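J.: Below are the structure tokens for one structure; questions will follow.
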Amino acid sequence: MTALGLYRPGTSPLHRAPGGLKLLLLLLAGVGVVLLHRPWPVLAALVAVVLCYAVAGLSPRVALAQLRPLAWVGAVTALFQLVVAGWERAVVVVGVLAVLVLLAALVTLTTRTTELVDAVVAGCRPLRPLGVDAERVGLVLALGVRCVPVVVALAGEVRDAQRARGLAASPRAFAVPLIVRSLRHADALGDALAARGVDD
Amino acid sequence: MPVIEAPGVGHRYVDRVVLAGVDVRLEERRVGIVGANGSGKSTFARMLNGLVLPTDGWVSVDGLDTRREGRAVRRRVGFCFTDPDAQIVMPTVAEDVAFGLRRRGLSRAEVRERVDRVLAAHDLAGHADHPAHLLSGGQKQLLALASVLVTEPDVLVMDEPTTLLDLRNAQRVSRVVEALPQQVVLVTHHLDLLDGFDRVLVFDEGRLVLDDVPDVAVPYYRKLMA
Ligand SMILES: Nc1ncnc2c1ncn2[C@@H]1O[C@H](COP(=O)(O)OP(=O)(O)O)[C@@H](O)[C@H]1O
Ligand SMILES: [Mg+2]
């Protein structure tokens, strides 16, 4: 199982760069890419991102895996743009989407969550006068990353339980137990956080 | 050993009494708790670190009241839950262990050193940067335990830590617990884990019905359940 976008230990320059810097560059690059309107610059950006993956010692397979969850949305968007606006527009829209996803994944693949969280916490600190609790923001972020595989596993269990009982695939019969179990998990997680001194 | 005092405590959720008249003073190194599902074991265990506050009476650990000094109590009393997935709060193994050490005024190097030491002690050294969700159930519970032990609590309260594990992993966890120098309060359905314990509390329907050495308490509990 390839853990999507999860930190892969390494010693490349990208791994060693400070997390805050990477987040800042991600932000700038993201804004820059969105401003591209011609197919060739977008393709160039895509090549540049793939090169960055190589620099980080990540194989093209890993890069491709980051795009897989987007395959359907990408295909539908491409088709729509192709029909409505022509191939150039389709390349730009789908290309920009791919670049954004790949860049974001590159940051999380080369940065420990703790470091990302620290960077976000540092970035939020100036917002303190506005009532933003930077530590809280960071914790929520880390918990979010941690909860994705848990909820995916819960969803798998719910689906298996339904299959075992011979129930047909029904969105409601799937959603209700999944929500109930997710809430129960959230409750237990809250207790664990309290036990580990989060509210102290 | 620390002293846990619970003189005449009780708990009710709204108007439902789930624990009543529990009157104990725990100062032994190994204390077991057994009882049927719903008998109030978890409620009692959670009172020991202030996760649940008694609605009757009070609980203290080394003279610290769980209501007024909850924070100090939680620093002394580590808690291990049944489901390791719910206790692992950080995405990777080393990060989860380090989590309990934040805001303790340790340098990065000190944190790293303590995390490495604890991971090595629990056969997790090779997994430091692995995503926690890829560990096996047994490894997850060992990680949860390591994350609590890294903070060096004086007391470890464990609420059915082996209930979700297979026999082999249950035994691994049990061996780790056996070797701990700390005071341990262990809620369990695995009665053989209580071998060598100093004292066992038997709960039934929210009451403490027997408080004795394992040789007396375990057979009594088996009979109660028969
Ligand atoms: N948060 C809660 N709200 C209401 N009732 C609860 C809550 N937690 C536990 N109970 C009830 O308290 C009783 C004792 O629960 P618990 O202490 O978890 O027992 P045990 O751990 O021995 O199975 C049970 O009947 C349970 O349904
Ligand atoms: Mg329980």
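All of the numbers you see were taken from the coordinates with simple rules; none came from a lab. All values derive from a computational prediction rather than experimental measurement. For neighbour counting, all protein chains shown are included, and Cβ atoms are generated from backbone atoms with ideal geometry for every residue, glycine included.
J.: Assuming 0.36 nm per residue, please report the length gained on full extension of the stretch residue A:12 to residue A:79 beyond their Cα-Cα distance.
T.: 20.4 nm
J.: Could you tell me which residue out of A:108, A:155, A:139 lies farthest along the dipole of the range A:76-178 toward its positive end? Charges go on the beta carbon: Lys and Arg +1, Asp and Glu -1, centred on the Cα centre.
T.: The Cα lying farthest towards the positive end belongs to A:155.
J.: Identify, among B:148, B:86, B:138, the residue whose Cα sits farthest towards the positive end of the charge dipole of the range B:67-191, taking +1 on the Cβ of Lys and Arg and -1 on the Cβ of Asp and Glu, with the dipole about the Cα centre.
T.: Checked the options; the winner is B:148.
J.: Among A:89-102, A:180-193, B:147-160, A:119-132, how do they line up by average Cβ neighbours within 10 Å per residue, starting with the highest?
T.: Those peptides, ordered most packed to least, come out B:147-160, A:89-102, A:180-193, A:119-132.
J.: Each label point is 7 Å from the Cα along the Cα-to-Cβ direction; what then is the distance between the points at residue A:26 and residue A:165, in nm?
T.: Between residue A:26 and residue A:165, the label points sit 4.0 nm apart.
J.: A follow-up question, please. Quick one: Cα centre-to-centre distance for the range A:112-167 and the range B:2-36, in angstrom?
T.: Taking the Cα centre of each part, the range A:112-167 and the range B:2-36 sit 35 Å apart.
J.: Between the range B:163-196 and the range B:75-133, what is the C-alpha centre distance in whole Å?
T.: Rounded to whole Å, the Cα centres lie 20 Å apart.
J.: What is the dipole size for the protein assembly as shown, taken about its Cα centre, with +1 at each Lys and Arg Cβ and -1 at each Asp and Glu Cβ, in debye to the nearest 20?
T.: 1600 debye
J.: Another one. Can you work out the Karplus-derived ³J(HN,Hα) for every residue in the range B:15-31? Use 6.51 cos²θ - 1.76 cosθ + 1.60 with θ = phi - 60°, whole Hz, and x for glycine or proline.
T.: Once θ is set to phi - 60°, the couplings for the range B:15-31 become 10, 9, 7, 10, 8, 8, x, 7, 10, 9, 10, 9, 9, 7, 6, 10, 10 Hz.
J.: Provide the packing ranking of B:196-204, A:46-54, i.e. peptides ordered by the mean count of other C-beta atoms within 10 Å per residue, highest first.
T.: Highest-to-lowest ranking by the protection proxy: B:196-204, A:46-54.
J.: Once you treat every alpha carbon in the range A:131-195 as an equal point and sum by Debye, what is log10 I(q)/I(0) at q = 0.12, 0.15 Å⁻¹?
T.: Taking Cα atoms of the range A:131-195 as identical point scatterers yields -0.41, -0.58.
J.: Only four residue types carry charge here, +1 at the Cβ of Lys and Arg and -1 at the Cβ of Asp and Glu. Report the dipole size of the range A:131-195 about the Cα centre in Debye, rounded to the nearest 20.
T.: 400 debye
J.: Using a basic spin-label model with each label point 7 Å from the Cα along Cα→Cβ, how many nm lie between residue B:210 and residue A:104?
T.: That separation, rounded to one decimal, is 5.9 nm.
J.: May I pose another question? Treating only the Cβ atoms of Lys and Arg (+1) and Asp and Glu (-1) as charged, compute the dipole magnitude of chain A about its Cα centre; round to the nearest 20 debye.
T.: Rounded to the nearest 20 debye, it is 440 debye.
J.: Same structure, new question: Among A:83, B:49, B:13, pick out the residue whose Cα is farthest towards the positive end of the charge dipole of the protein assembly as shown, where Lys and Arg carry +1 and Asp and Glu carry -1 on C-beta, about the Cα centre.
T.: A:83
J.: Report, in deg cm²/dmol and to the nearest 500, the calculated mean residue ellipticity at 222 nm for the protein assembly as shown, where each DSSP H run with n ≥ 4 adds -39500 (n - 2.57) and the sum is divided by the residue count.
T.: -17000 deg cm²/dmol
J.: Residues of the range B:107-125 with amide nitrogen under 20 Å from the 7 Å Cα-to-Cβ point of residue B:179?
T.: B:113-125
J.: By a straight-distance test (C-alpha under 15 Å), which aspartates and glutamates pair with residue B:140 as possible cross-link partners, with residues fewer than eight away in the same chain excluded?
T.: In chain and number order, the partners are B:83, B:85, B:95, B:96, B:123, B:129, B:160, B:166.
J.: Along the range B:44-51, what does the Karplus equation 6.51 cos²θ - 1.76 cosθ + 1.60 (θ = phi - 60°) give for ³J(HN,Hα), rounded to whole Hz, x for Gly and Pro?
T.: Using θ = phi - 60°, the values come out as 5, 4, 5, 5, 6, 10, x, 5 Hz.
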